[in-house]
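Report on the following structure.
The values are calculated or read from the model by the stated rules, or taken from the named source; none is laboratory data. Fair warning: this is a prediction, and the values are worked out from it, not measured in the lab. FYI the Cβ positions are ideal-geometry reconstructions off the backbone, even for glycines, and counts take in every protein chain you see. The accessibility values were calculated without ligands, DNA or RNA, using every heavy atom of the protein model including side chains. Shrake-Rupley method; radii C 1.70, N 1.55, O 1.52, S 1.80 Å.
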Amino acid sequence: MDAATTDRRTRWGRVRGTAGTPAMAIAIPAGLLLAAAAGAVSADMIAAPSPLLVGLAIGGSTVAPFVALVWALLVDRDSLRGAVDRPEDSVEGAWYDRAAQGAFSDTILVVGLATAALAITGLRIDVVVALVGVLLVAMGSCGIRYLVARRRG
């Protein structure tokens, strides 16, 4: 990486495909608009004694996630200070790949065993509960495997 490339990199990056528009200059207003829309929709959909309060709470709690989402969709990785040039070749990328592969196997195993147990016992559970269980198994397995891989080096 040469000095000219390093000088153009910023902490928050620039928008992909532009002549240098800061990513946060677009992410913040767009995130605020999305949060306001989420608050308005929530206030309209949720039957509560104070719909305005519900809308403000939902809108206020979703500002940061929406700003982060818009920023992640817009930012050019090459404009970020400290970003790895090829993250797929990093040691962290290798740890994640191994963790994701193992988590997939774990999830298939747990879902298969749970399906067999439910079929044998005749127990019925709600689909949402089952899907949350699958998600928790997958996320937990991937997270634990990543931490183990990181600790091993």
### Message
Could you tell me how many of the residues in segment 128-152 are open to solvent by 40 Å² or more (accessible area, probe 1.4 Å) and touching a Gly at 6+ places or on another chain (Cβ under 8 Å)?
### Response
1
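If you take the residues of segment 12-54 that are touching an Asp or Glu at 6+ places or on another chain (Cβ under 8 Å) and part of a helix (DSSP H, G or I), which of them is farthest from ASP78 (Cα to Cα)? Before you say what the answer is, go through the steps one by one.
Residues of segment 12-54 touching an Asp or Glu at 6+ places or on another chain (Cβ under 8 Å): 13-17, 23, 51.
Pick out the ones that are also part of a helix (DSSP H, G or I) and you get 23, 51.
On the way: ALA23: 12, PRO51: 43 Å.
Per the stated criteria, the residue is PRO51.
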## Note on the structure
In the set VAL70, VAL84, VAL91, the lone residue that is surrounded by 14 or more Cβ atoms within 10 Å (Cβ to Cβ) and either at pLDDT below 95 or closer than 20 Å to THR10 by Cα (or both) is VAL70
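Please tell me if LEU52 is over 19 Å from ALA83 (Cβ atoms), open to solvent by 80 Å² or more (accessible area, probe 1.4 Å) and at pLDDT below 90.
On the way: over 19 Å from ALA83 (Cβ atoms): yes; open to solvent by 80 Å² or more (accessible area, probe 1.4 Å): yes; at pLDDT below 90: yes.
Answer is yes for this residue.
Could you check segment 104-134 and list, in sequence order, the residues that are without any contact (Cβ under 8 Å) to a residue 24 or more places away in the chain and under 22 Å from ALA94 (Cα atoms)? Reasoning before the result, please.
Filtering segment 104-134 for residues without any contact (Cβ under 8 Å) to a residue 24 or more places away in the chain gives 105, 108-109, 112-133.
If the condition is that a residue be without any contact (Cβ under 8 Å) to a residue 24 or more places away in the chain and under 22 Å from ALA94 (Cα atoms), then SER105, ILE108 are the ones that fit.
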### Task
Return the only residue of ILE58, ILE46 being over 26 Å from ARG9 (Cα atoms), open to solvent by 50 Å² or more (accessible area, probe 1.4 Å) and more than 21 Å from the chain's Cα centre (by Cα).
ILE46
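If you scan segment 27-43, which residues turn out to be in contact with a helix residue (DSSP H, G or I) (Cβ under 8 Å, 6 or more places away or on another chain) and either surrounded by fewer than 18 Cβ atoms within 10 Å (Cβ to Cβ) or more than 9 Å from PHE66 (Cβ to Cβ) (or both)?
Taking segment 27-43 and keeping what is in contact with a helix residue (DSSP H, G or I) (Cβ under 8 Å, 6 or more places away or on another chain), we get 27-28, 30-32, 34-36, 38-40, 42-43.
The answer is ILE28, ALA30, LEU32, ALA36, GLY39, ALA40, SER42, ALA43.
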### Task
State whether one or more residues within segment 17-26 are surrounded by 18 or more Cβ atoms within 10 Å (Cβ to Cβ), small (Gly, Ala, Ser) and under 30 Å from ALA100 (Cβ atoms).
yes
